[in-house]
Amino acid sequence: MSRARAICIPVLFCLFLLIPGLPLQPSDNAAAQTPTDVQRSGGQNQAGLRPDLRPGYAGDAACASCHRDQSLSYLHTAHHLTSQLPNAESLPGSFTPGSNVLTIVDAASSANHEGLYFTMEKKDDGYYETATGIFTSGTKTRSEKIGIVTGSGVRGQTYLYWRGDELFELPISYWTNGHQWINSPGYRDGSADYSRPILQGCLECHASYIRALTPSLWTNRFDPASFEPGISCESCHGPGVEHIRREVAGSARREGPAILNPAKFSRDRQVDLCSLCHSGLARNELAPAFSYVPGQPLDRYFQQLAAPAAEHPDVHGNQAGLLKRSKCYLSSPGMTCSTCHDEHAPERAAASYSSRCLTCHQWKSCRMSTKLGHKITDNCIDCHMPLEPTAAIASETAGRVVRGIMRNHWIRVYSGTEHP
Ligand code: HEC
Ligand code: HEC
Ligand code: HEC
Ligand code: HEC
Ligand code: HEC
Ligand code: HEC
Ligand code: HEC
């Protein structure tokens with residue numbers, strides 16, 4: 001602990017001072033941020049979407065009347081919940097006084113009586129993250145209101161805030177394992193950094209739409225009222241207004257359904273759709289965010305950078321890249337993500353996926369069956385798709401490290417699994 005403190009204090013000093021043009025006084029932001037913008041975006045999006053911004057798109061609610069089963073189960077998926085507006089339901093972390101403070105450096109016990117802590121507060125107009133830095137020269141605070149919640153909370157959540165029409169990441173995230181507040185992944189322990197801009201790519205993977213205000217792929221300026229939280233039906237099926245018109249008019253049989261069904265794409269295009277968001281971060285964008293249309297080749301939108309050939313590549317977010325290395329995938333022209341996953345329902349327990357392996361394999365073809373007998377039939381996953389920690393989702397908070405743990409989608413024989 002004392003070692004961690006020794007490192008923290010200088011860092012804390014410099015990062016507070018380094019944040020250019022973003023002074024810590026909370027009053028500074030009250031002016032820059034127009035609460036009405038945020039409130040307006042809230043009202044607008046709870047109600048539905050803005051057809052004026054995305055012609056042809058109908059919104060999830062419009063599908064529910066005819067596709068009831070998919071629509072009901074979809075509400076509970078991580079896709080649907082992967083970004084939300086802040087409210088009591090979307091924020092599992094504690095905002096209750098007594099359990100809403102994250103102490104990074106305790107001033108009372110630090111050598112020079114300097115410290116840093118964060119308070120997560122619910123106020124009348126929203127939810128705030130406030131940093132308090134205690135310096136020998138005095139106390140400084142900086143407070144910002146949560147504007148967007150990212151992450152369903154399967155693992156955790158990271159929060160974004162608006163400064164006018166600019167979007168930034170907040171320094172404190174929520175980690176589900178242990179029900180705790182942590183430094184946002186990648187943030188320096190001992191800092192109160194409110195300066196990290198949010199680029200379009202982040203929301204392209206975690207939301208249905210937001211309208212950028214400049215053509216640059218690197219912009220963090222968006223129209224807050226255009227934000228459509230969650231991944232919608234139409235993210236995977238394309239615009240649905242014409243489909244609904246034809247179904248209502250009874251002309252779909254004659255004219256065609258006018259909606260995309262990925263099951264009818266080639267295998268490569270099916271996997272491209274998932275790869276839009278599940279091929280990792282090692283890529284260059286070639287086209288504006290939210291311009292991808294399912295069924296199109298992804299290489300027109302992204303240039304995928306070569307993945308490291310390491311035996312244990314980082315498992316974060318690159319399920320497509322890893323699956324494509326598997327002999328199962330290379331030797332089965334029909335295998336897609338849907339071979340195992342149902343996009344319209346929440347994930348099931350890992351063991352239950354063994355039944356998917358057994359659609360192609362005999363359990364006895366695994367040589368471990370001679371040793372372990374029939375009980376291997378519901379445990380293919382732990383040995384052939386092991387859980388591995390990722391460096392990409394890691395957070396160091398007051399000297400403690402938490403790390404995301406993911407399934408390795410490279411299906412193969414892993415050494416060490418011969419002796420369970
Ligand atoms: C007025 C009723 C109605 C509405 C509203 C509706 N659909 Fe459909 N949809 C149908 C019918 C009927 C079919 C054909 C039978 C089936 O597959 O269920 C269909 C088929 C589909 C298919 C399969 C198409 C194919 O080529 O196999 C998809 C995908 C689909 N709808 C998605 C959607 C989405 C997404 C929405 C919301 C944007 C939506 N539907 C809204 C009635 C509707
Ligand atoms: C993450 C991508 C994704 C999302 C989001 C998604 N779907 Fe699908 N949907 C698919 C895929 C992939 C298939 C084809 C599955 C297969 O191979 O059978 C499909 C198939 C369908 C079909 C064809 C009939 C069937 O069940 O096979 C309908 C209808 C449909 N989806 C409706 C919806 C509706 C309504 C929503 C929103 C509530 C939705 N989908 C959200 C990926 C998605
Ligand atoms: C628009 C981006 C996007 C697309 C397209 C997309 N996903 Fe995802 N997917 C995500 C994000 C983001 C998460 C993490 C959600 C979370 O927990 O916040 C996720 C999570 C998942 C999960 C884990 C769910 C859980 O409960 O932990 C599965 C499985 C998955 N996606 C499969 C697919 C498949 C299969 C496809 C293609 C049919 C697909 N996804 C297409 C963005 C996408
Ligand atoms: C290329 C697509 C992509 C980009 C860009 C991306 N993510 Fe993710 N993110 C994912 C996927 C996929 C997952 C699910 C875990 C996994 O597969 O690693 C995820 C997981 C998460 C989670 C944990 C959700 C949970 O409960 O499991 C959070 C929080 C998150 N992302 C926030 C962000 C933020 C904030 C940004 C932008 C600064 C961002 N992500 C950029 C695809 C992306
Ligand atoms: C769509 C069919 C299909 C599915 C589903 C499937 N596999 Fe395979 N798998 C194959 C084929 C085909 C091969 C290659 C056989 C060969 O080359 O001899 C293979 C190879 C393998 C190998 C040998 C890999 C190597 O590098 O030598 C293992 C281990 C394996 N599969 C395990 C699994 C497990 C575990 C699952 C479920 C998580 C699974 N498979 C799901 C078709 C499938
Ligand atoms: C052979 C079966 C199989 C195939 C094919 C498959 N997955 Fe998975 N996937 C799994 C299993 C098993 C899990 C772990 C589920 C759990 O832990 O509850 C998983 C978990 C995930 C998760 C949750 C995050 C993690 O890594 O733990 C995501 C995201 C995901 N898969 C995406 C995909 C995508 C995208 C594809 C296609 C490129 C795909 N999967 C293909 C079996 C499969
Ligand atoms: C306890 C860990 C463990 C479990 C459980 C397990 N496997 Fe294996 N599997 C292995 C090991 C280790 C090997 C390599 C054995 C060898 O070569 O002697 C292997 C080999 C294989 C192979 C490759 C055979 C070959 O020679 O190419 C396949 C296919 C396979 N397993 C499928 C499965 C399936 C399907 C299941 C679930 C029914 C399963 N395994 C359960 C550890 C396991």
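A short reminder: the numbers here are calculations on the coordinates, not readings from a lab. Values in this document were obtained by computation on a predicted structure and should not be read as measured data. Here the Cβ positions follow ideal geometry from the backbone for every residue, glycine too, while neighbour counts run over all protein chains shown.
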Quiz prompt | Anchor K123: aspartates and glutamates whose Cα lies under 12 Å away (excluding residues fewer than 8 positions away in-chain) | solution = E144
Self-check item: Neighbour net charge for D60 - beta-carbon separation under 11 angstrom, K R +1, D E -1
Solution: -2
Quiz prompt | Taking R188, R412 and counting other C-beta atoms within 10 Å, the order from fewest to most | solution = R412, R188
Quiz item: With contacts defined as alpha carbon pairs under 8 Å and 6 or more residues apart, what's the relative contact order of region 167-251 in percent?
Solution: 22
Quiz prompt | Ranked by how many other beta carbons lie within 10 Å on average, peptides 344-353, 390-399 from highest | solution = 390-399, 344-353
Quiz item: Got the relative contact order for the chain handy, in percent, Cα pairs under 8 Å and 6 or more residues apart?
Solution: 15
Self-check item: Cα convex hull volume per residue for the chain (Å³)
Solution: 175
Practice problem: Any lysines with Cα under 29 Å of the K122 Cα? List them, leaving off those in the same chain fewer than 8 positions away. | Solution: K140, K145
Quiz item: Which of the aspartates and glutamates could be linked to K324 by a straight reach, that is with a Cα gap under 17 Å, when you skip same-chain ones fewer than 8 residues away?
Solution: D268, D272, D299, E311, D314
Self-check item: Förster radius 45 Å - calculated FRET efficiency between C328 and S251 (Cβ-Cβ, nearest 0.05)
Solution: 0.60
Exercise. Would you mind counting up the charge near C233? Only other residues with Cβ under 11 Å from its Cβ, with Lys and Arg at +1 and Asp and Glu at -1.
Key: -3
